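S.K.: One structure, as structure tokens, below. Some questions next.
The values are calculated or read from the model by the stated rules, or taken from the named source; none is laboratory data. What you see is a predicted model, and the numbers here were worked out from it, not measured in a lab. Cβ placement follows ideal geometry from the backbone for every residue including glycine, while neighbour counts extend to all protein chains displayed. In case anyone asks, the SASA skips ligands and DNA or RNA and just uses the protein heavy atoms, side chains included. Shrake-Rupley method; radii C 1.70, N 1.55, O 1.52, S 1.80 Å.
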Amino acid sequence: MQVQANGLSFEVEDSAAGDASELVRPTVVLVMGLGMQLTAWPVDFVRALVQAGYRVLRFDNRDIGLSQHLDHLGRPALAGSYLRYRLRMPVRAPYTLQDMAMDTLGVMDAMGVAQGHVVGVSMGAMVAQRVALHAPDRVASIAALGETRIDQAFLGTCTNGRIEDLRVAAAILRGRRLAPGVRMIVTPASRAVQVAALEEGLLRIFLEAGCAVTVPGCGACAGLHQGLLGDGEVCVSSGSRNAPGRMGSRDAAIYLASPATVAASAVAGRLTDPRILQSDAEMLP
């Protein structure tokens, strides 16, 4: 079926179509990757979700399949754009992942879904994460079958800069180095925390891993200094706020996470489950 969302037309397939009783089921929204239609989702996978009691929505992204194409915007030079991205130069595109996240929310609105489990694959995983970033109250859970690379990891401030938070991060960073191209900033919550971290050797672990340790306080979370984000940059932060422009550019993305996730992501260079890096002796409760 065709629906209007975010000012565009989208082709949507709804497992509850024709059966009003299924509309009350919890909904799973499937977001496909680059250049792939909704039909790329394995039929057995969709059927298993339905049999498990879910309503399943899948749709063609903009510019693909039966959804609206934006040919008038021109075809992007992918090779040149990729090179600019790798060189950390600004990349201008006809639309962004944020636009596609708004498409997903628009499809949910059009289908009467107030909240759903959002599953994305490849590029769709990045779109799914942007949906959760923009409207966390609309996302019951998220499964990202792909990766989101980061430019900066921020640990500390008043929210997660306690000594126990620094211990958790240090346990993951001990003996490891930050991923190439990733910067990590550690800001203890207070001078007392900073002194304790110094006495326990945690600051040495952070410095040897390649982190920058700042004076105690708000740090980059306040968006004033010590780690401002540039256009298009991605930060994983243990802070308490991620509103657009909170840590610098309004075009930057801020993902809120636990101290363990921040540290693990800094090592991997992408949003990462810390359990992947933690040894049996380091596993958190």
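S.K.: What fraction of the DSSP beta bridges in the chain is antiparallel, stated in percent and rounded to the nearest 5?
M.R.: Details: 8 of 38 bridges.
Once the DSSP bridges in the chain are tallied, antiparallel ones form about 20 percent.
S.K.: Taking 0.36 nm per intervening residue step and subtracting the Cα-Cα distance, what contour gain separates Val91 from Arg167 on full extension?
M.R.: Working: separation 76, 0.36 × 76 = 27.36 nm, distance 3.77 nm.
Using 0.36 nm per residue and subtracting the Cα-Cα distance, I get 23.6 nm.
S.K.: Further, regarding this structure: Hey, what angle do you get for helix 97-110 against the long axis of the chain, alpha-carbon based, 0 to 90 degrees rounded to 10?
M.R.: 50 degrees
S.K.: So, in Å, what gap is there between the alpha-carbon centers of region 43-65 and region 92-143?
M.R.: Computed from Cα coordinates, the inter-centre distance equals 15 Å.
S.K.: What's the angle, to the nearest 10 degrees (0 to 90), between helix 123-134's Cα axis and the longest principal axis of the chain?
M.R.: 70 degrees
S.K.: Counting pairs of alpha carbon atoms under 8 Å apart in space and at least six apart in sequence, what relative contact order in percent does region 1-130 give?
M.R.: Details: 190 pairs, mean separation 45.7, N = 130.
Reported as a whole number, the value is 35 percent.
S.K.: Hey, another quick one. The chain: longest stretch without exposed trypsin sites (Lys or Arg not before Pro) (DSSP loop, at most 13 other Cβ within 10 Å), sites themselves excluded?
M.R.: Values: sites that count: Arg88, Arg92, Arg177, Arg250.
Value returned for the longest uninterrupted segment is 1-87.
S.K.: Considering amide H positions built from the backbone, and no H for Pro or chain starts, which residues 5 or more places from Val31, or on another chain, come under 5 Å of its amide H?
M.R.: Val119, Gly120, Val121
S.K.: Pop out the ³J(HN,Hα) list for region 245-251 in order, Karplus 6.51 cos²θ - 1.76 cosθ + 1.60 with θ = phi - 60°, rounded to Hz; leave Gly and Pro as x.
M.R.: Along region 245-251, the couplings run x, 4, 10, x, 4, 6, 8 Hz.
S.K.: Going by a ≥ b ≥ c, the root eigenvalues of the Cα gyration tensor, does region 155-285 fall in the rounded group (a/c under 1.5), the prolate group (a/b larger than b/c) or the oblate group?
M.R.: Values: a/c = 1.75, a/b = 1.25, b/c = 1.40.
It is oblate, given that a/c is not under 1.5 and a/b is not larger than b/c.
S.K.: Related question: Can you check what the Kirkwood hydrodynamic radius comes to for region 136-197, Cα pairs only, in Å to one decimal? Working shown, then result.
M.R.: Values: mean 1/r = 0.0724 Å⁻¹.
Result for region 136-197 stands at 13.8 Å.
S.K.: Provide the FRET efficiency to the nearest 0.05 for the Leu198-Arg177 pair, computing r from the beta carbons and using R0 = 30 Å.
M.R.: Working: r = 21 Å, r/R0 = 0.70.
Calculated value: 0.90.
S.K.: Can you list the HN-Hα couplings for region 156-161, worked out from phi with the Karplus curve (6.51, -1.76, 1.60; θ = phi - 60°), rounded to whole Hz and with x for Gly and Pro?
M.R.: x, 6, 5, 7, 9, x
S.K.: With labels modelled as points extended 7 Å from the Cα through the Cβ direction, what inter-label distance (nm, one decimal) is found for Ala143 paired with Val24?
M.R.: 2.5 nm
S.K.: Further question: Which residues' amide hydrogens lie under 5 Å from the amide hydrogen of Leu256, considering only partners 5 or more residues apart or on another chain, with H built in the peptide plane?
M.R.: The list, which skips near neighbours in sequence, is Ser237.
S.K.: Per residue, how much accessible surface does the chain expose to a 1.4 Å probe? Answer in Å², no decimals.
M.R.: 50 Å²
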